[in-house]
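Bear in mind that the values in this text are calculations on the coordinates, not laboratory data. What you are looking at is a predicted structure, and each value in this text was computed from that prediction instead of being measured.
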Amino acid sequence: MNAQCCRPVAMDLGVYQLRHFSISFLSSLLGTDNSSLRLDSSSSGASVVAIDNKIEQAMDLVKSHLMYAVREEVEVLKEQIKELIEKNSQLEQENTLLKTLASPEQLAQFQAQLQTGSPPSSSQSQGTTQQPAQPASQGSGPSV
């Protein structure tokens, strides 16, 4: 029974604290002084409702701004994903073509480089794409 007596007081305190936080938040959004929006115990019910309505409007405004920002970010990310999928497809096609044009020696050399962890030189890969029919000239690479 004692816990039931204290519950309304704790709830009232929680509601007061939430309202105080909301008023502070609203004040910071509107750029007004906190003291002009403080609630007194003498506040009429109408002013409390008006302040609650302003708080609700401010929260709706914050929500709409956040939703707009999220939608905008989602669109940017969708576009980036689309570009990355296209780039990946292009690179897969290029990789398949290079594998079909590469000689067994070149493939063995590439596998050896992968196992040692050293990346293939860019001149070798350029030489393969520019001169696929002449694997012997691949080692020297194209002159830049």
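Straight-distance candidates among the lysines for linking to LYS63, with alpha-carbon spacing under 18 Å and chain neighbours fewer than 8 residues away dropped: LYS54.
Here the gap between ASP60 and THR96, fully extended at 0.36 nm per residue and compared with their Cα-Cα distance, gives a gain of 7.6 nm. For LYS87, a cut-off of 21 angstrom between C-alpha atoms picks up these lysines, skipping any fewer than 8 places away in its own chain: LYS78, LYS99.
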